[in-house]
Amino acid sequence: MKANKIIAKILIMTMVFTIITSSLAYGEGQINKEETVYVNLDNNGKAIEKISSIWLYSDSPLKNVEDKSILKDVVNVKGKEKAEIKDGKLIWNTDNTEIYYRGNVEKQLPLNPKIKYFLDGKEVQVEDILGESGRLKIQINIENTDKHSINKNGKTQEAYTPYMVATVVDLPINKFKNVSANMGKIISDGSNQILGFITFPGLKESLGSNKNILELEDNIEIVADVENFEMKPIVFTATSEIPEIDEIEDVENIDELIEGIEKIEEASEKLTDAITAIYDGQKELGGGIEELAKGIEQLKFGSNGLLEGTSKLNEGIN
């Protein structure tokens, strides 16, 4: 088949994965599967809740469809049908041509965000600085844990499954002044300062000896003067819909790769249009994942420029 001092007011961060799935033929038609994984993170980036939302669809009724799954507590969110669970598979049987369901994810995620906070040069826990003022620094690093071995030119080397991660930070103007960052885009709408970043965790390591050709930052660093500290959620959106990196042969390919990445970075400012929808949906994650999904769809719509860059990236790799 074809992803005051109340801590809840600080950061309930969200990471969203768009998972590439395949297509399989069942009976008379082809079944398509799209998966998005929504993750609630604590203040330091550790996952505290992981929910996967699945959409199965076809041109014909989904009769006796076997969907391999390791999700727990599966719920059909738009119908009354219940799946039969057998041998690690969900078996769906309905006259409908599509099914939306969700379940809890227990496996380790391929990306591991780590977030550190510093106030006036001293590392702090974010919950300890509510209402404080001073010079704030936020460091964000996203580790790619999806490592594997590939054979290139007769040699075995380590590579990482490629992910493109969009990170969005909203810093209200009435609390954060003199904001700067080591990368990305900063856009102001009069009330908020939206910081958008695009990173490729593990990409440099996968390039081996060519890694220094790319002027990419792996670590995000934000600095600002803060008054009466309080933050909105940080949102991460990750997709694996970029090509593998084991086909790069020469400098021309690298140049194409760099051009593609530059286009992607330029397109990151288009994330701004979707911020409000994402935050509004994120607040409803506990009671209605569909609201968050709507926000992410807005993000996809507002980030069409990323697709052009990804296409160019593909040209550079193939």
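The values are calculated or read from the model by the stated rules, or taken from the named source; none is laboratory data. All of these numbers come straight from a predicted model, not from anything done at the bench. Positions of Cβ are backbone-derived with ideal geometry, glycine not excepted, and every protein chain shown enters the neighbour counts.
Descriptive notes on the structure:
- Region 200-235 - residue that is modelled with pLDDT under 75, in a helix (DSSP H, G or I) and in contact with a helix residue (DSSP H, G or I) (Cβ under 7 Å, 6 or more places away or on another chain) and, of those, surrounded by the fewest Cβ atoms within 10 Å (Cβ to Cβ): 211
- Test result for residue 158, in contact with a His (Cβ under 8 Å, 6 or more places away or on another chain) and either surrounded by fewer than 21 Cβ atoms within 10 Å (Cβ to Cβ) or assigned to a loop (DSSP other than H, G, I, E, B) (or both): yes
- Filtered by the rule that a residue be loosely packed, with under 14 Cβ neighbours inside 10 Å and either within 23 Å of residue 195 (Cβ to Cβ) or among the aliphatic types (A, V, I, L, M) (or both), region 129-149 gives 131, 135.
- Filter result for residue 123 (assigned to a strand (DSSP E or B) and farther than 30 Å from residue 30 by Cβ): yes
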